[in-house]
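For reference, the structure discussed in these notes is given below.
The values are calculated or read from the model by the stated rules, or taken from the named source; none is laboratory data. Values in this document were obtained by computation on a predicted structure and should not be read as measured data. Cβ atoms come from the backbone with ideal geometry, glycine included; neighbour counts cover every protein chain shown.
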Amino acid sequence: MKQLAYNIFRKIKRYLHLYRVFLSQNLKEDMIYRSNFITLAVMDIGFVSVSVILFKIIFTHVTSIAGWTFHQSIILIGSVGIIREMAYLTFRRGFLELGNHIRKGTFDTFMVRPIAPNIHLAFRHISISESFGEAITGVVLVIYGILHLNNWTWVSIPLYIIFLLNSLFVYYGFSLLINSIVFWVIKTQELNTIVYFFMETSRYPGDIYRGVGKFIFTFIIPIGIIATVPASVLTGRTSWSSALIALFVGISFLTTGILVWRKSIEHYSSASG
Amino acid sequence: MSTSIQVKNLSKTYEYFKKEAGLTGSLKSLFWREKLYNEALKGISFKIDEGELIGFLGPNGAGKTTTLKILSGILYPTSGEAVVLGYVPWKRSPEYQRQFSIVMGQKNQLWWDLPAQESFQLNKEIYEIDTKTYRNNLDELIELFEIKDILDIPVRKLSMGQRMKCELSAALLHSPRVLFLDEPTIGLDIISQEKIRHYISEYNKIKKTTVLLTSHYMRDVERLCGRVIVINNGIIVYDGSVQDLMNTYGKHKIIRLRLSKEYTENGLAKYGEILERDGLCVVLKTGKEDIAASTARILNELPVEDLSVEEIEIEEVIKKIFTG
């Protein structure tokens, strides 16, 4: 038991160290295409503003959507941006590049190094710029939302962060499951469109789903959890049961994602050079 | 000497789907696809001792690369066994991965936009090489490969030959006990090819690293290896010394001629065996020893417009192994 704990600790330490090293490599690479950075940031801010305006328009007609007030919804939108950037800082761009790696056979490199292929793929393509604007607006929106809440405590901040991480696990597990298909069909463009809409749809509060829909969007396509649960935790809307369900979904998506992915890469048929 | 690589009855069958041409074909394949099989390896067996430098020779699509990919854990075999350094490659255990390297002539493993030095540094972290060993190995490789001046140039700006030298250095930083090289000289000019061969043989001599090298150039293997395995259509057709192979099958050269006027077949036959004759273009085969003499005679006596001397192609050699 002690040995196991030590091994896990050592592994985490090693991956954190590798993350730092890879991050600096990626930054050096990004510097070469600096102008990209500003364009992307401006575009992101534009996109987020559109969602905010959309919600503003809706809220001029109603006072709440599925129990969510305007300021709570603002926190929800902001959380999506923060989770997106967290994903780009870890795994998201790796999956976008996966199709290319498979088609060109460069995925070979990830198979022969002493790092798990999914982690190597993720670290190889860490991107700060991709969702940076959205993250900044996200943080601003969340802070703005908090300042307008009346039932808010400091304890909810660490809880919020824990549930953001949990949502990242859900997102990662979901991406692993979807992208595992690539080892059979080679083309992934469509696959990542699915993942994109998955995140787009998570902007809407999970409470809008009822009955079968609620079950599906909690356990099978967990868009009802991704942004809704962290935002609920922060705004004090959540119940213990829904928080526990979210943690359960997070852990199960992450573990099944990793298991399915591991099985799938056995099917990798490297493009011959 | 201990065994480094042991392969028994290794087979690999690729599955793929038939696709008909055109849009109708694509639409049809959405609903119904015919599954096709390609047997890349049909039960090959061989054994390689530690420190050996072995050539894996064969035409394109013979199964050389597939074998290397299975031995490095990139591909799962369909059936059969393989053990490298005591590990089953496709289990991809990190302990095994720290002890071998694979370099593929046509696949770039370095960071394209950054100088090679950056990729080296990253490999130091990936393979957890301690700083002192890293420094020593790097210095050694810089000297051997003569890459001191190109370390700070972005990889995309390097020539093919320079890039291959950096690829090799990156792969050798962690002092692998087994090195797989897939067509390391492909696409290089003659001088760079010769240099890469020189580095590989030097490294093998100094470090006693087991090297398994694939190529479809006879010259690579002739120059480098003591032993050669020839593979064709997924079957090993020859496994033995390069010397014997060369003595039996490689003692000829090919002369390609373009003449300015027609010449009789009898007249040509005295310069060598006629392999092909198409109007003014003639392909002759002649002994390796008297290649200089025959060329001189041809140039003197025939109305030559163009002449080139070539090695016998590997396909020819294999054909001969079969026909005896």
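Within the stretch A:231-259, residues that are touching a residue at least 12 places away in the same chain (Cβ under 8 Å) reach partners that are surrounded by fewer than 14 Cβ atoms within 10 Å (Cβ to Cβ) and not in a helix (DSSP H, G or I) with beta carbons closer than 6 Å, at six or more positions or on different chains, in the pairs A:Gly236/A:Asn151. Taken together, the criteria exclude B:Gln97 from residues that are without any contact (Cβ under 8 Å) to a residue 40 or more places away in the chain and more than 8 Å from every other protein chain (Cβ to nearest Cβ). Counting only helices (runs of 4 or more DSSP H) that fall entirely inside the stretch B:80-159 and contain at least 1 residues that are of a type in the set (A, V, I, L, M) and modelled with pLDDT of 95 or more, the qualifying elements are B:116-126, B:131-145.
Matching residues to (1) within 14 Å of chain B (Cβ to nearest Cβ); (2) not small (Gly, Ala, Ser):
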{"position": "A:Ile181", "(1), (2)": "no, yes"}
{"position": "A:Trp184", "(1), (2)": "yes, yes"}
{"position": "A:Phe197", "(1), (2)": "no, yes"}
{"position": "A:Glu200", "(1), (2)": "no, yes"}
{"position": "A:Phe215", "(1), (2)": "no, yes"}
{"position": "A:Ser242", "(1), (2)": "no, no"}
{"position": "A:Thr255", "(1), (2)": "no, yes"}
{"position": "A:Ser269", "(1), (2)": "yes, no"}
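The conditions of being more than 8 Å from chain A (Cβ to nearest Cβ), under 16 Å from B:Ile5 (Cα atoms) and touching a strand residue (DSSP E or B) at 6+ places or on another chain (Cβ under 6 Å) are not met by B:Leu57.
Please find, within the stretch A:3-44, the residue that is nearest to the other protein chains (Cβ to nearest Cβ) out of those that are surrounded by 11 or more Cβ atoms within 10 Å (Cβ to Cβ) and among the aromatic types (Phe, Trp, Tyr). The extreme case among them is A:Phe22.
Summed over the stretch B:65-94, the residues that are more than 8 Å from every other protein chain (Cβ to nearest Cβ), touching a residue at least 60 places away in the same chain (Cβ under 8 Å) and among the hydrophobic types (A, V, I, L, M, F, W, C) give a count of 7.
With respect to the conditions (1) part of a strand (DSSP E or B); (2) in contact with a Leu (Cβ under 6 Å, 6 or more places away or on another chain), B:Gly43 falls short on a single one, namely (2).
Inclusion of B:Lys195 among residues that are basic (Lys, Arg), within 25 Å of A:Val21 (Cβ to Cβ) and either in contact with a strand residue (DSSP E or B) (Cβ under 6 Å, 6 or more places away or on another chain) or part of a helix (DSSP H, G or I) (or both) is not warranted.
Per-residue answers, yes or no, for (1) buried (at least 18 other Cβ atoms within 10 Å of the Cβ); (2) closer than 18 Å to A:Tyr268 by Cα; (3) over 22 Å from the mean Cα position of the chain (by Cα):
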{"position": "B:Lys35", "(1), (2), (3)": "no, yes, yes"}
{"position": "B:Gly58", "(1), (2), (3)": "yes, no, no"}
{"position": "B:Ala62", "(1), (2), (3)": "yes, no, no"}
{"position": "B:Thr65", "(1), (2), (3)": "yes, yes, no"}
{"position": "B:Val84", "(1), (2), (3)": "yes, no, no"}
{"position": "B:Pro89", "(1), (2), (3)": "yes, yes, no"}
{"position": "B:Lys124", "(1), (2), (3)": "yes, no, yes"}
{"position": "B:Ile129", "(1), (2), (3)": "yes, no, yes"}
{"position": "B:Tyr134", "(1), (2), (3)": "yes, no, yes"}
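Would you confirm whether or not the stretch A:163-183 contains a residue that is of a type in the set (Ser, Thr, Tyr), in a helix (DSSP H, G or I) and modelled with pLDDT under 85? Checked the stretch A:163-183: no residue is of a type in the set (Ser, Thr, Tyr), in a helix (DSSP H, G or I) and modelled with pLDDT under 85.
For the subset of the stretch B:1-15 comprising residues that are under 24 Å from B:Asn38 (Cβ atoms) and surrounded by 13 or more Cβ atoms within 10 Å (Cβ to Cβ), which member is modelled with the lowest pLDDT? Once the filter is applied, the top-ranked residue is B:Tyr14. Considering only residues that are assigned to a loop (DSSP other than H, G, I, E, B), more than 23 Å from the chain's Cα centre (by Cα) and among the aliphatic types (A, V, I, L, M), look in the stretch A:59-116 and name the one that is nearest to A:Ile161 (Cα to Cα). The selected residue is A:Ala66.
Filtering A:Ile194, A:Ile181, A:Ile223 for residues that are aliphatic (A, V, I, L, M), crowded, with 16+ Cβ neighbours inside 10 Å and under 18 Å from the mean Cα position of the chain (by Cα) leaves a single hit, A:Ile223.
The residues in the stretch B:104-131 that are of a type in the set (Phe, Trp, Tyr) and more than 7 Å from chain A (Cβ to nearest Cβ) can be counted, and the count is 2.
The rows are residues; the columns are (1) surrounded by fewer than 19 Cβ atoms within 10 Å (Cβ to Cβ); (2) closer than 30 Å to B:Gln99 by Cβ.
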position	(1), (2)
A:His71	yes, no
A:Ile74	no, no
A:Ile77	no, no
A:Tyr88	no, no
A:Phe107	no, yes
A:Ala116	yes, yes
A:Gly133	no, no
A:Gly138	no, no
A:Tyr144	yes, no
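In the stretch A:257-267, which residue that is closer than 26 Å to A:Phe217 by Cα and within 12 Å of chain B (Cβ to nearest Cβ) is surrounded by the most Cβ atoms within 10 Å (Cβ to Cβ)? Once the filter is applied, the top-ranked residue is A:Ser264. For first residues located in the stretch B:161-178 and at negative phi and assigned to a loop (DSSP other than H, G, I, E, B), partners that are of a type in the set (Gly, Ala, Ser) and surrounded by 22 or more Cβ atoms within 10 Å (Cβ to Cβ) and lie 6+ apart or on another chain with Cβ distances below 7 Å form the pairs B:Pro176/B:Ser101.
Residues that are modelled with pLDDT under 90 and aromatic (Phe, Trp, Tyr) within the stretch B:16-55 comprise B:Tyr16, B:Phe17, B:Phe31, B:Trp32, B:Tyr37, listed in sequence order. In the set A:Ser252, A:Ser239, only one residue is of a type outside the set (Lys, Arg) and either at pLDDT below 95 or crowded, with 16+ Cβ neighbours inside 10 Å (or both); that residue is A:Ser239. Could we say that B:Tyr134 is among the hydroxyl-bearing types (Ser, Thr, Tyr) and away from chain A (no Cβ under 13 Å) here? So B:Tyr134 passes the test.
Could you list all residues from the stretch A:23-70 that are within 30 Å of A:Arg210 (Cβ to Cβ) and among the aromatic types (Phe, Trp, Tyr)?
Those that are within 30 Å of A:Arg210 (Cβ to Cβ) and among the aromatic types (Phe, Trp, Tyr): A:Phe47, A:Phe55, A:Phe59, A:Trp68, A:Phe70.
Is the stretch B:73-81 home to any residue that is closer than 13 Å to B:Leu212 by Cβ and within 20 Å of the chain's Cα centre (by Cα)? No - not one qualifying residue is present in the stretch B:73-81.
So, in the stretch A:90-123, exactly how many residues are touching a residue at least 60 places away in the same chain (Cβ under 8 Å) and more than 9 Å from chain B (Cβ to nearest Cβ)? Full working, then the answer.
As a first pass, look at the stretch A:90-123 and keep what is touching a residue at least 60 places away in the same chain (Cβ under 8 Å): A:90-92, A:95-96, A:98-99, A:102-105, A:107-108, A:111, A:115, A:117-119, A:123.
So of that shortlist, the ones also more than 9 Å from chain B (Cβ to nearest Cβ) come out as A:90-92, A:95-96, A:98-99, A:102-103, A:118-119, A:123.
Residues that pass the stated criteria total 12.
Return yes when A:Ser232 is within 14 Å of chain B (Cβ to nearest Cβ), at pLDDT 90 or above and touching a helix residue (DSSP H, G or I) at 6+ places or on another chain (Cβ under 9 Å) and no when it is not. When the stated conditions are applied, A:Ser232 does not pass them.
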